[in-house]
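I have placed the structure first, in the form of structure tokens, so that the comments after it can refer back to it.
Just so it is clear, none of the values below were taken in a lab; they were calculated from the coordinates. From a predicted model like this one, the values you see are computed outputs, not experimental measurements. Cβ coordinates were reconstructed from backbone atoms using ideal geometry, including for glycine residues, and neighbour counts include every protein chain displayed.
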Amino acid sequence: MYWQRELECMDRAELERLQLQRLVATLKRVATNVPFYRKKFQELQLNPDQLGSLEGLRDYPFTTKQDLRDNYPYGLFAVPLRDVVRVHASSGTTGSSTVVGYTRQDIVTWSDLVARILTGAGVTANDVIQIAFGYGLFTGGFGLHYGAERVGASVIPISSGNTKRQIKIMQDFKTTALVCTPSYALKMADVMMDLGVNPNGLSLRYGLFGAEPWSEAMRQEINARLGIRATDNYGLSEVMGPGVAGECQECNGLHISEDHFYIEILDPDTLEPVPPGEVGELVITTLTKEAFPVIRYRTRDLTRLMPEPCPCGRTFVRMSRMLGRSDDMLIIKGVNVFPTQIESVLFDIEGTEPHYRLVVERENNEDKLTVLVEVVESLLFDEMKKQKALIEHIKKRLASELGVGVEIKLVEERSLERFNGKADRVIDRRQL
Amino acid sequence: MLVEQIAVFLENKSGRLADITAILADNAINIRALSVADTADFGILRLIVDKVEQAKTVLRANGFTVGKTQVVAVEVEDRTGGLAKVLRCIKDAGINVEYMYAFVNKTGENAVLIFRFEKMEEAIATLQKEGFTILSKEQIYSL
């Protein structure tokens, strides 16, 4: 099943011609409309008109999350605000979030791209689709919503949370397709068991999961426990949101919508391309975005390409599920968390360079982040009441900075291992 | 009138209290009184010792986090109702006790009560007015 067969199955040579044409147009547009890119291109004496091949893009500079933050909120928009019909922002911090915009045409494109992954996963106009992603600044809820309407499915925009209600609605509305994070799908299975709801008695057939890393073992568990076929999909708000790539029913790698995104897989240290099929950092250039184009955006996600043709007939290249990160970002309950954010809050409270460690676990299919903090004199009280109040204070400050709850565990000074050079402060115990 | 108490942070794992007492013993530091407040994860050890500065230095040198607080030491006769009289006086003055612990001195005649009050100065004034014996640093360290 295809959403746009003529595009999804197009000849590779034709695809590359289309990509080059769109790439030149995008580069010209950002050079004209976005001072940030214009300045960078001028410094490197790059002229988009002279781009003769897709490989020529390697001369162009990268764009990083920091660049997006530096240009908060609208600095990288390539159209005037009057042409922007939607704004989203990345999950994570309030102070340093990254803002993205969409024109009317961008929303149409986005809806079609999400429709592709929905169709690829098996969803049709006959399905009842329950969207349990958060609606709001996060791109997940609205992204899937518009795509599902485009397909013609009956959309239940229930948003995230309230698991019992999710299950009740799933039973009563005869939901056939579920959209959420993979860990939330397992949590639903747990709650169904508690409630005595037999998943086999539901109408559920498909699950589209994303927004956090997961494994093949987790897929098997979800499939077995919910009696569905789970597919993986990938996107990030900086580039578009969901719809960048998704699995077909082969469930073996995610097809990248290459007519809209040009991708490179680079060695994160040398920033040179890795040999085909080897693991590297995914770098994306948008080819059709109007309001918020990005050039060579470093996603920091590690993956590898699967260049061999897919039995499904799509010619778009596949990439493996996300294999990790090339920085120390953590994804906790779908929220991006950087150790540096935790560091700055602790510094603020302690008044000195904090020694801490982050421990991530998955309990009952929910992520749990515990911050181990070494107790320095400024954090030590003789009264237990004050000591506990301090722990609560740190918890609150971190929760508001990170947008996700954490546990605090105080440990003795010098009990955490010291590192030379780049500190590895994260202990990820999640068995995905 | 205030006595210095040291507070030490301890993770709730076996042998930590033994480690501290051994360090103090090796340095010929005498513990006059101690108490521990604890949770499932950690504890706060409070100590009255005869050589405060030296105790802090050696504990820090051994990697412990050490803080210090001022407490009040009240001496009462070691007999029934001794503590109750002190607490009633404090209660009547409307002062809260944050924590307290006690020990009996060598002669066995008197008990020493260590207090941390919410309002230290006010508590001392009240106790003195009511005629209770408040021990000085020197008196406590040389008990």
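Using 0.36 nm per residue and subtracting the Cα-Cα separation, the extra length available between residue A:135 and residue A:353 on full extension is 74.7 nm. Counted by Cβ distance under 12 Å from residue A:381, the other residues give a net charge of +2, where Lys and Arg count +1 and Asp and Glu count -1. Looking at chain A as a GNM with Cα springs under 10 Å, which of A:235, A:196, A:101 has the largest mean-square fluctuation? Of the options given, A:196 has the highest mean-square fluctuation.
Step through the table entries B:85/B:119; A:187/A:388; B:51/B:91; A:388/B:56; B:13/B:56, compare each Cα-Cα distance with 28 Å, and write down the pairs that go over it. As for pairs spanning more than 28 Å Cα to Cα, those are A:187/A:388; B:51/B:91.
Here's the list of lysines a cross-link from residue A:28 could span, going by alpha-carbon distance under 27 Å and ignoring same-chain residues fewer than 8 apart: A:39, A:40, A:65, A:289.
Ranked for footprinting exposure by Cβ neighbours inside 10 Å, fewest first, A:414, A:219 give A:414, A:219. Across the stretch A:68-327, Cα pairs under 8 Å and at least six residues apart give a relative contact order of 17 percent. I need the calculated FRET efficiency for the pair residue A:323 and residue B:21, taking r as the beta carbon distance and R₀ as 60 Å, to the nearest 0.05. Rounded to the nearest 0.05, the efficiency is 0.75. For residue A:201, the shell of other residues with beta-carbons less than 14 Å away shows a net charge of +3, using +1 for Lys and Arg and -1 for Asp and Glu. Under 14 Å from a label point set 7 Å out along the Cα-to-Cβ vector of residue B:118, the amide N atoms of the stretch A:385-406 belong to A:385-386.
Within the protein assembly as shown, the proportion of C-alpha pairs whose separation exceeds 42 Å stands at 40%.
Since only A:123, A:352, A:369 are under comparison, the one whose Cα sits farthest along the positive direction of the charge dipole of chain A, derived from C-beta charges on Lys, Arg, Asp and Glu, is A:123. Taking a point 7 Å from the Cα of residue A:4 along the Cα-to-Cβ direction, the residues of the stretch A:251-277 with backbone N closer than 18 Å to it are A:255-263.
Net charge in the neighbourhood of residue B:89 (other residues with Cβ under 11 Å of its Cβ; Lys, Arg +1, Asp, Glu -1) is +2. Using a Förster distance of 41 Å, how high is the FRET efficiency between residue A:270 and residue A:215, based on the Cβ-Cβ distance and rounded to 0.05? The calculated FRET efficiency here is 0.90.
Extension gain for residue A:70 to residue A:82 (0.36 nm times residue separation, less C-alpha to C-alpha distance): 2.1 nm. Calculated mean residue ellipticity at 222 nm for the protein assembly as shown: -10000 deg cm²/dmol, from DSSP H runs with n ≥ 4 weighted as -39500 (n - 2.57), summed, divided by the residue count and rounded to 500.
The calculated FRET efficiency for residue A:191 paired with residue A:58, based on their beta-carbon distance and R0 = 41 Å, is about 0.25.
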